[in-house]
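Chemist: If you scroll down you'll find the structure; I have some questions about it.
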Amino acid sequence: MSKLGDLGARLHRGEVGYDFIKNRKIWYGLSILITITAIVGLAVRGLNMGIEFQGGALFTTPKTSVSVTDARHYAEEASGHDAIVQEVGNDTLRIQIGGLDTEQSDKVRSQLAKDLKVEESKIAAELVGPSWGEQIANKAWTGLGIFMILVVIYLAIAFEWRMAVAALIALIHDLTITVGIYSLVGFEVTVGTVIGLLTILGYSLYDTVVVFDSLKEGTKGITKQTRWTYSEIANRSINGTLVRSINTTVVALLPVAGLLFIGGGVLGAGMLNDISLSLFVGLAAGAYSSIFIATPLVADLKEREPAMKALRKRIATKRAAAAAKGESLDADESVDGDDGFADEAETAVVGQRGRRGRAAEPRG
C-alpha cells in the first residue's frame, strides 16, 4: 500500500488524526482575514468588467509585428478610452475598448489599420451593447439565488438545518474569495467568468456533503453513549474523509491548472483565463471551506443544544473520575460498565463495526 493510502486507512480507523475542531478559531480567523482582504480589494479596485457587461467594441487583428504595449497606445489614442490588449497566439492581437458606438467603432478600426499597418478589411470588429451584458448578469444572479435556495432546502431535508446553514456560509465564503481574487489580480470579468463561478458551486458542495454524510452516520444514537462528544465525532469524520478530499481536489485542480497556466498563460487564450481562474480559486477555496469552515460550524451550532451540553458534561465527569483513579480515558477509550451500551455505541457512533478491524465487543 502507498504511504498516502496507508495514511488514509489509519485516518479512517481513527489511529491518527489532527484536531480540526479544537483549532477552529484559527481557521475562522484566517478565513475572516482573507474575506476582508477580498472585500477591501473589491471596494477599492472594483471588477474589470468586460465589454459583455459594459458595452464596447472588440477588434481582432491579423498577424502583426506590433507589440502589445504599442497596440494599447494606438488604441487609446484612436478612441480616447482605456483599452485592453491581449496577444491570442500567432501574433494576433485582441483589442477591447469600452464605451464605443457603431460610428466610433468604424473610425477606431480605420485608424488602427493605419497604425498597425494592416488592411482595414482584415480587422474583425464586434460591437456589443451593454443591455445584453445586463441581461446575462441578471440571469446569473437569478440562477445563483435559485441554486442557493434549493441547496438549503435539500441539505435541511437530507441532513438538518444546521448543516444547511453551514454549507450556505461556506458557499458564500468561496464566492467572496473568488470574486475578491478577480478584483486583486485584475482579470477581466466576462461571460466565461460567470460560467466558472456557477460551476464551482457544485464542486464546493461536493466535499462538504461527503463529510456531512459521514458525520450524520457517526452521530446516530450519540446521546446513548458517554465516549465521544459531537465535536470529537465531527473531527473523526473530517479525518476519515481527509485523504479522499485531498485526492479529489488535486485531480480536479490539475486540468484546471493546465488551462490557467498553459492555455491562458503560454498560449495566450483570453477566454481560458476567465474560466480557469474562477475554477482554480473556487475549487481550492471549496476544499478548504469543507474541512475548516463548514464542519466546525456545524459542531459549534450543534454543541449549543441542551442534549449535547448534557452529553459533554457526562463525558467530562466520567473522564475526570477515570483520571482520579489513575486510569487512562480519552475519546478513543471507555471503561467497564459504560451504561451497558458499549457494543451498540461503538457501532452506532463510529458508523462502522470495529475501528480496529474487528466487531466491537461488550465491555465489563
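The values are calculated or read from the model by the stated rules, or taken from the named source; none is laboratory data. What you see is a predicted model, and the numbers here were worked out from it, not measured in a lab. Cβ placement follows ideal geometry from the backbone for every residue including glycine, while neighbour counts extend to all protein chains displayed. Just so you know, the surface numbers come from the protein's heavy atoms only, side chains and all, with ligands and any DNA or RNA stripped out. Shrake-Rupley method; radii C 1.70, N 1.55, O 1.52, S 1.80 Å.
Chemist: Select, from Val108, Val85, Val66, Val118, the only residue that is among the β-branched types (Val, Ile, Thr), over 30 Å from Gly180 (Cα atoms) and open to solvent by less than 20 Å² (accessible area, probe 1.4 Å).
Modeler: Going through Val108, Val85, Val66, Val118 in turn, just one is among the β-branched types (Val, Ile, Thr), over 30 Å from Gly180 (Cα atoms) and open to solvent by less than 20 Å² (accessible area, probe 1.4 Å): Val108.
Chemist: Can you name every residue in the stretch 177-217 that is small (Gly, Ala, Ser) and under 18 Å from Val243 (Cα atoms)?
Modeler: Answer for the stretch 177-217, where residues must be small (Gly, Ala, Ser) and under 18 Å from Val243 (Cα atoms): Ser204, Ser214.
Chemist: Starting from the stretch 276-298, keep only residues that are free of Cβ contacts under 8 Å to residues at least 40 places away in the same chain, then list their pairs with residues that are part of a helix (DSSP H, G or I) whose Cβ atoms are within a distance under 7 Å, requiring at least 6 positions of separation or different chains.
Modeler: Close Cβ pairs (under 7 Å, with a partner that is part of a helix (DSSP H, G or I)) amount to Phe280/Leu253; Phe280/Val256; Phe280/Ala257; Phe280/Leu260; Ala284/Leu253.
Chemist: Could you list, in sequence order, all residues of the stretch 92-105 that are modelled with pLDDT under 80 and surrounded by 14 or more Cβ atoms within 10 Å (Cβ to Cβ)?
Modeler: Hits for the stretch 92-105 are Gly98, Gly99, Leu100.
Chemist: OK, next. Quick check on the stretch 174-188. Is at least one of its residues on the phi < 0 side of the Ramachandran plot, in contact with a Lys or Arg (Cβ under 9 Å, 6 or more places away or on another chain), not assigned by TED's automatic domain parsing to the domain that holds Val85 and not in a helix (DSSP H, G or I)?
Modeler: No; the residues of the stretch 174-188 include none that is on the phi < 0 side of the Ramachandran plot, in contact with a Lys or Arg (Cβ under 9 Å, 6 or more places away or on another chain), not assigned by TED's automatic domain parsing to the domain that holds Val85 and not in a helix (DSSP H, G or I).
Chemist: In addition: Restricting attention to the stretch 220-249, and to residues there that are open to solvent by less than 70 Å² (accessible area, probe 1.4 Å) and of a type in the set (A, V, I, L, M, F, W, C), which single residue is modelled with the lowest pLDDT?
Modeler: Val243
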